[in-house]
1. So between F266 and K221, what do we pick up on full extension, going 0.36 nm a residue minus the alpha carbon distance?
2. Just to verify a number: FRET efficiency for E51 and T228, C-beta to C-beta distance, R0 = 51 Å, to 0.05?
3. Calculate, for E306 and E160, the FRET efficiency according to 1/(1 + (r/R0)^6) with r their C-beta to C-beta distance and R0 51 Å; round to the nearest 0.05.
4. Return the equivalent ellipsoid semi-axes of segment 33-87 as a descending list in whole Å, where each equals the square root of 5 times an eigenvalue of the C-alpha gyration tensor.
5. Using the beta-carbon distance between T258 and M66 and R0 = 25 Å, what value does 1/(1 + (r/R0)^6) give for FRET efficiency, to the nearest 0.05?
6. So between A107 and Y83, what do we pick up on full extension, going 0.36 nm a residue minus the alpha carbon distance?
7. At 7 Å along the Cα-to-beta-carbon direction for both D116 and I274, put a label point, then send me their distance in nm to one decimal.
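Since every read-out is calculated from the coordinates, none of them should be taken as a lab result. Just so you know, these numbers come straight off a predicted model, no measurement behind them. Because the Cβ atoms are built from the backbone with ideal geometry, glycine has one as well, and the counts that use them run over all protein chains shown.
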Amino acid sequence: MEFFNKKEEVIDLQLTQFGRHLLSKGKFKPVYYSFHDDNILYNIELQNLREEQNNSQSRIEETPTMKAQISFSSLEKEFLKNYNKVLSGQEKTGGKSQQPTAIKNYALPQPIGTSDINKENAPAMSVHFLKGKLESMTSSLTLTADAGKNTLKIPQLESELEIEYIPTDVTDFYETEDPGAIVGVVTREEDTYFIIKLNEENAPFQKKNFDIEVFDIVQDKDDAGNNTTETLRPLEFIKNQPFDKEFDFINISQPPLTQGNVAYYFDLLADDEINEKIICDLDVDMTKKGVFIDKKLKNCKILEEEERKKVFDIYEPETDDPGEVC
């Protein structure tokens with residue numbers, strides 16, 4: 001543990017062990033940065049102390065600041081765990097999942113965000129289930145680790161989705177990844193997915209408001225098989241190859257689907273990837289939030305106008321037999 005010499009030092013840059021590994025392989029390519037203030041106590045009343053408001057700035061500036069900490073777990077255990085995964089073929093050398101959960105999530109979990117200058121309230125998240133049901137929720141994500149309980153201040157929303165299926169030999173049904181296992185999905189298609197509307201209130205509404213990350217909670221036991229450690233394994237989205245020419249779909253093959261991909265477990269669609277008619281029917285409160293939502297509002301109005309002008313033949317025979325009405 002080392003403190004800054006504020007009279008001589010201004011900035012201190014440190015690479016984690018995983019960052020040094022990527023740098024040695026020529027794969028270290030930072031794509032963004034963030035600011036954090038976890039080491040600053042703004043409200044001193046939380047420590048049962050009092051101070052005048054004018055003294056807060058001087059206290060924050062004069063308080064000693066620790067330098068960056070880059071190790072939060074046993075290097076020997078992390079090396080052996082990743083080494084065994086590489087030998088068994090579960091992971092590739094230098095993969096994202098080899099970055100320790102403690103460093104990726106517990107070191108700097110809460111970056112400083114941006115609030116709307118026209119709002120008095122702090123930014124907050126608004127979640128609406130347009131399709132589906134919220135079963136329960138917790139204010140944080142808690143994982144079991146060697147040192148006890150590690151908590152991430154990420155709200156957890158839990159929902160259940162039941163899919164009924166039957167074994168079948170009919171090839172018209174959905175086929176699983178196992179060639180020998182063919183199942184027929186009984187549940188209606190409109191009951192096989194969730195639709196969630198997520199907004200950030202009291203913050204600037206921009207073209208890109210969210211980054212989506214998907215993790216798999218992996219449970220590892222120690223050598224004795226007694227203690228269980230939970231870690232977060234990041235999953236990757238498959239980047240489909242664009243077909244620019246007419247016969248590219250023959251010459252260009254899509255990346256193989258593995259257990260490290262999100263699509264291996266489920267399909268995750270966002271914004272324009274979702275069918276417009278579904279969104280227009282469910283999201284009745286699509287209010288204007290900025291110039292970036294005008295297109296969606298316009299498309300919904302066009303679909304509504306087309307549906308209103310649709311002509312039906314009253315003499316057309318019914319295709320569905322209503323059965324006995326009495």
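1. Details: separation 45, 0.36 × 45 = 16.20 nm, distance 2.69 nm.
Net length gain for the segment: 13.5 nm.
2. It comes out at approximately 0.70.
3. On the way: r = 36 Å, r/R0 = 0.70.
Calculated value: 0.90.
4. On the way: eigenvalues 327, 29, 19 Å².
For segment 33-87, the semi-axes come out at 40, 12, 10 Å.
5. Values: r = 40 Å, r/R0 = 1.60.
With R0 = 25 Å, the Cβ-Cβ based efficiency is 0.05.
6. 6.3 nm
7. Label at D116, label at I274, 2.0 nm between them.
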